[in-house]
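First up is the structure itself, then whatever we jot down about it.
The values are calculated or read from the model by the stated rules, or taken from the named source; none is laboratory data. Bear in mind that the values here come from a model prediction, so they are computed numbers and not experimental data. Glycine gets a Cβ as well: all are built from the backbone with ideal geometry, and neighbour counts include every protein chain shown.
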Amino acid sequence: MNVHVDERLCKGCRLCIAVCPKQVLAMSNRVNQKGYTVAVALRPEDCIGCKLCEKTCPDFAIYVEIYHLGDSPLSGK
Amino acid sequence: MPRPLQEQADPKRVQTGVHFLLGNYALVEGAMSAGCDFFAGYPITPANEISERMSQRLPQVGGQFLQGEDELASIYACAGAALSGAKAMTATASAGFNYMQEGLGYCYTVEAPVVVANVMRTRGDNFATHADIMQLRYGASGDYEAIVVCPSSVQELYDYTIWAFNLAETYRNPVIIASETTIALMRERLHIPQPGAIWLQNRRYTEKTPADYLPFAAKANAAPDMAPLAKGYHTIYSLNPHDEAGRIDWDPDAFERLYKRITGKIRENEPQISRVNRWMMDDADMAIVTYGSEVRPAREAAVLLREEGIKMGVVQLCNVWPVPEGAIREVAGQVGHIFALEMNLGKYVGEIQRVVAGKVPVTGLTKNRGLVHTPWEVVQGVKEGVRK
Amino acid sequence: MSEKNPLRKYLREEKLPHFFCSGCGCGQVLNYFTQALETLQMDVEQMLTIGGVGCTARMPVYLKSDTFHGVHGRTLAWATGVKMHQPEIPIVIFAGDGDLVSIGGNHLIHAARRNLDVTVIMVNNLNFAMTGGQVAPTTPLGSVTMTTPYGNEEPAFDVAQLAMAAGATHVERWTTSRPVQCEQAIRRALQHKGFSLIEIVSQCPTHFGRYALKSGDPGRLLKWIHDNSYPLERAEKMSDAEKQGKLAVGIFRHTPNVQGSVSVSQRKIYHLGDSPLSGKCEVAGAAASAPSALPYPQRLTLSGMGGQGIILASVLLGTAAVTLGGLHAVQTQSYGSEARGGQCQAELIIDREPILSPVAQQKDLLLAMFSEAYHKYISALKPDGILVYDTDMVQPEPRTGPTFGVPATKTAVELGNRLAANMVMLGFLAERFGIISPEQLEQIIVSEVDERFRELDINAARAGVALAKKWHEGGE
């Protein structure tokens, strides 16, 4: 899984952190242009693709990219 | 399918012939001839006959009638219907008109063509008045221009309603029919012409694609082209100040452009909009300038005055807003004294004085007794005014 | 591969980031809504979304649809107008609790009563948020808000119950803490034919959260909302104390596809005659004018008691004069308490030329069918004007002008109904004075009077004509 956080849109509300069952997300120490401290996918390797963060985010800032077997020509069988 | 820009009235809607009809009914027939296909109203005396007849007539031609739960529901339903393509009308009386101010303000700002029939009557009861003449213009907050037509007879209730719809469509502006309890509840001879003699104006729809369409862009002093609703034009119709694209972010320049245009489209076109009827004016030394049901006693008074050697003429303002400035100035250039006749403590007389700007004396003949002036009261008032 | 949330395609992307506060439930509901659109593959550009005023009201402004916005509390009134004119346009309303239930309360119950085919998503953040956190009709009892600094003393609406009582056919309540249920609920609403209300209780970290719940942390507030709500199914097993102060969530009502009254897609065309009230507007051709024994203009007052058919008489006279006689006429009448059981009068001016003032001081003819009316209007009759009175109802003072006593009521009673006295009078007036001819009178009775009374009225008119003929030939 690839967990993308659009830092331009994130408002640091931490709801994604609250709902994630695997503690993938955390607050970064970066502040965006609007002055919000933004979230970051700290442990994307633990992501199980439930997309709760993506569905919960009030700002459309998160996209969980789920790779499927066969997506990449290099995919291992 | 959008209607053509100009078309003749639909024969299925027009009851051609000579009638003896109630004023309120004549207004309805005017709306039917004009192509009205949506009406929403709330019960109020003396406008009830309008709603009642609309509820019978509209379904006969596939139009929609709503008795709104209150006046706000009515004006806002009209706004929604108009923005979705309908020729919409509501009807109320003075007390109910109060409730419609914000709704009117919304229509002015998003340029929704809605016709509002307001049967003016005194507070609390059904007597005659012109006391609301300024509210018709200034009732809603914000910057806008009102178009208000003032019929003086049952025939004009029919004719001016068609005029009102045409004005609303041309300028994408609400138009108010200032009816009055006097003429609304009077029965008079009404001539409804052949449908081929009735010409209707319809709003222009854009030919642009959604990508190029700017909902509130228009030539200076003109109405913008409309787009059909929910067909991909994703337009925001917001009461908030907006720019040509409909965006409601705050920008003082966009704010100024918007309000200059929506007022300019009426102000700058006033000579095309305004109509006056000049009666016995060819050789007149003096003129009564008036509107609505007061035109009738004014004319009879002019006849009586002429019998006494006073050459009085009558100028009927068919619309009071926008102020027919050119026509009033012309009168001031012709006569030596103007009498402004109205049923209130003196409101529109101020507008006439403003336009005349001291060129000739303007005497107000005003009263607020719940009754129209009698011709003899007018004669008396003129004589007193002349003496002074 | 894109790294953007793909649901942004439903939004006006150039307006992002949106203006909602950090952690605001409105943003979440917007997300749930786009999720529902995606699942249903609905085209947002073919919808109308509506927002009033407030935080929630701003939600549709971010959607790439046609939007009405900016007036507080009137979303459903707008929607009603659109639905009636273009019933096939899907309409979604985003309304806050204040907009929908406080100022908009009246429109809510009527739209529900009409089962208007719209989807209303009410984001209930338990206060008026945009204006700074004032108490709303949904604020829980005891809450501290900007206008209840000592704690709210008014109970809150249960908006789901309110909508159901008013007739809504699809009502659900969920919370922002339940994204899956919210998305499913919105989907059901978008597919439902009829009025759908989806209430979503939502956190307001900036106002209600801080004032009432002492926390501005969205996660904490979300937990509070979740903990203070319980699924409907569990309600039976819970004690009253357990339910106290909490909101039930679930599907309250989902009556499938009951056709809304206001959004019928097949519109019936009604024909003249379908309604017993249908106004008649059939018009006789304008014929040659009736030869009149009287000069024009004629200024008449018809007066009597409420119930004697004075108004009808004046209307028939005027109608005949105009539509059959080719004349001009103006009719005005008294209204109000004066016209019920008390005096009743109508004034009629008939002339060959258009009539200037519709009000005449001095009358040429007074018809008096009741004593009080006679006394009230006799002074306005010219001294040499014509008085016509009902001999059973009026005892006139002696006068110099032409005076005619007509036993109209007596004649009508003989014919079977005292209410036809007005027609006897009209017959008399027509024959004696020729304002309209007796033939024109009969013609107008046939075209204007309800068929139940037509025969009686024609007979009464003929009786009046006969009385007038007797008068000619020697009179009383």
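A few remarks follow.
- With a requirement of 3 or more residues that are at pLDDT 95 or above and within 14 Å of chain C (Cβ to nearest Cβ), the strands (runs of 3 or more DSSP E) lying completely within segment B:270-388 that satisfy it span B:312-317.
- Filter pass, C:ASN417 being assigned by TED's automatic domain parsing to the domain that holds C:LEU302, buried (at least 22 other Cβ atoms within 10 Å of the Cβ) and not aliphatic (A, V, I, L, M): no
- Residues being without any contact (Cβ under 8 Å) to a residue 60 or more places away in the chain, buried (at least 24 other Cβ atoms within 10 Å of the Cβ) and under 20 Å from the mean Cα position of the chain (by Cα) - total across segment B:43-70: 2
- Of all residues in segment B:85-102, those that are crowded, with 24+ Cβ neighbours inside 10 Å, part of a loop (DSSP other than H, G, I, E, B) and out of contact with any Ser or Thr (no Cβ under 9 Å at 6 or more places or on another chain) total 2.
- Residue check, C:TRP174 touching a Cys at 6+ places or on another chain (Cβ under 6 Å) and not basic (Lys, Arg): yes
- Residues that are more than 10 Å from every other protein chain (Cβ to nearest Cβ) and outside any helix (DSSP H, G or I) within segment B:10-38 comprise B:ASP10, B:VAL14, B:GLY35, B:CYS36, listed in sequence order.
- Checked against (1) away from chain C (no Cβ under 14 Å); (2) acidic (Asp, Glu); (3) on the phi > 0 side of the Ramachandran plot, B:ASP132 passes all but condition (3).
- Cβ pairs under 9 Å, 6+ apart, first in segment B:197-212 and within 28 Å of B:ALA34 (Cα to Cα) and buried (at least 17 other Cβ atoms within 10 Å of the Cβ), second aromatic (Phe, Trp, Tyr) and modelled with pLDDT of 95 or more: B:LEU200/B:PHE165; B:GLN201/B:PHE165; B:THR206/B:TYR213; B:THR206/B:TYR233
- Complete set of residues in segment B:42-67 that are at the interface with chain C (Cβ under 7 Å from one of its Cβ atoms) and assigned to a loop (DSSP other than H, G, I, E, B): B:GLY62
- Among residues of segment C:223-234 that are in the same structural domain as C:PRO205 (by TED's automatic domain parsing), those with a beta-carbon under 8 Å from a residue that is assigned to a helix (DSSP H, G or I) at least six positions away or on a different chain give the pairs C:LYS223/A:ALA18; C:TYR230/C:GLU242; C:TYR230/C:LYS243.
- Residues satisfying the stated conditions in segment B:137-147, i.e. in contact (Cβ under 8 Å) with a residue 40 or more places away in the chain, buried (at least 18 other Cβ atoms within 10 Å of the Cβ) and either within 27 Å of C:GLN333 (Cβ to Cβ) or out of contact with any strand residue (DSSP E or B) (no Cβ under 9 Å at 6 or more places or on another chain) (or both): B:GLY139, B:TYR144
- The set of residues from segment B:175-203 being touching a Cys at 6+ places or on another chain (Cβ under 9 Å) and more than 14 Å from chain C (Cβ to nearest Cβ) comprises B:ILE177, B:ALA178, B:SER179.
- Among the residues making up segment C:20-71, those that are among the aromatic types (Phe, Trp, Tyr) and within 22 Å of C:TRP174 (Cα to Cα) are C:PHE20, C:TYR32, C:PHE33.
- C:ASP97 in contact with a Pro (Cβ under 8 Å, 6 or more places away or on another chain) and away from chain B (no Cβ under 14 Å): yes
- Members of segment B:359-369 that are in contact with a Phe, Trp or Tyr (Cβ under 9 Å, 6 or more places away or on another chain) and surrounded by fewer than 16 Cβ atoms within 10 Å (Cβ to Cβ): B:ARG369
- Residue in segment B:75-83 that is without any contact (Cβ under 8 Å) to a residue 40 or more places away in the chain and under 24 Å from B:GLN155 (Cβ atoms) present: no
- Hits in segment B:235-249 (condition: in contact with an Asp or Glu (Cβ under 7 Å, 6 or more places away or on another chain) and at pLDDT 95 or above): B:THR235
- When segment C:176-200 is filtered for residues that are crowded, with 23+ Cβ neighbours inside 10 Å and polar (S, T, N, Q), the ones remaining, listed by number, are C:THR176, C:SER177, C:SER196.
- Filtering B:VAL331, B:VAL295, B:VAL372, B:VAL355 for residues that are within 28 Å of B:TYR108 (Cα to Cα) and among the β-branched types (Val, Ile, Thr) leaves a single hit, B:VAL355.
- A single entry from C:MET59, C:MET47 fulfils the requirement of being within 9 Å of chain B (Cβ to nearest Cβ), farther than 22 Å from C:ALA165 by Cβ and either modelled with pLDDT under 95 or surrounded by 23 or more Cβ atoms within 10 Å (Cβ to Cβ) (or both): C:MET47.
- Single residue of segment C:176-205 satisfying the filter (of a type in the set (A, V, I, L, M) and touching a residue at least 12 places away in the same chain (Cβ under 8 Å)) that is nearest to C:ALA111 (Cα to Cα): C:LEU197
- Within the span defined as segment C:381-395, one or more residues are more than 39 Å from the chain's Cα centre (by Cα), under 30 Å from B:VAL314 (Cβ atoms) and among the small types (Gly, Ala, Ser).
- Candidates C:SER215, C:SER202, C:SER177, C:SER196 - the one that is more than 14 Å from every other protein chain (Cβ to nearest Cβ) and hydroxyl-bearing (Ser, Thr, Tyr): C:SER196
- Filtered residue count, segment A:1-26, keeping only those that are more than 12 Å from every other protein chain (Cβ to nearest Cβ) and either without any contact (Cβ under 8 Å) to a residue 24 or more places away in the chain or in contact with a Phe, Trp or Tyr (Cβ under 9 Å, 6 or more places away or on another chain) (or both): 3
- For segment A:27-48, the count of residues that are surrounded by 14 or more Cβ atoms within 10 Å (Cβ to Cβ), of a type in the set (A, V, I, L, M, F, W, C), more than 8 Å from chain C (Cβ to nearest Cβ) and in contact (Cβ under 8 Å) with a residue 60 or more places away in the chain is zero.
- Qualifying residue in segment A:12-26 (condition: at pLDDT 95 or above, assigned to a strand (DSSP E or B) and surrounded by 13 or more Cβ atoms within 10 Å (Cβ to Cβ)): yes
- Selection of helices (runs of 4 or more DSSP H) fully inside segment B:133-198 by the criterion of at least 3 residues being over 11 Å from the mean Cα position of the chain (by Cα) returns B:154-171, B:181-184.
- Flag if B:GLY105 is at positive phi and surrounded by fewer than 23 Cβ atoms within 10 Å (Cβ to Cβ): no
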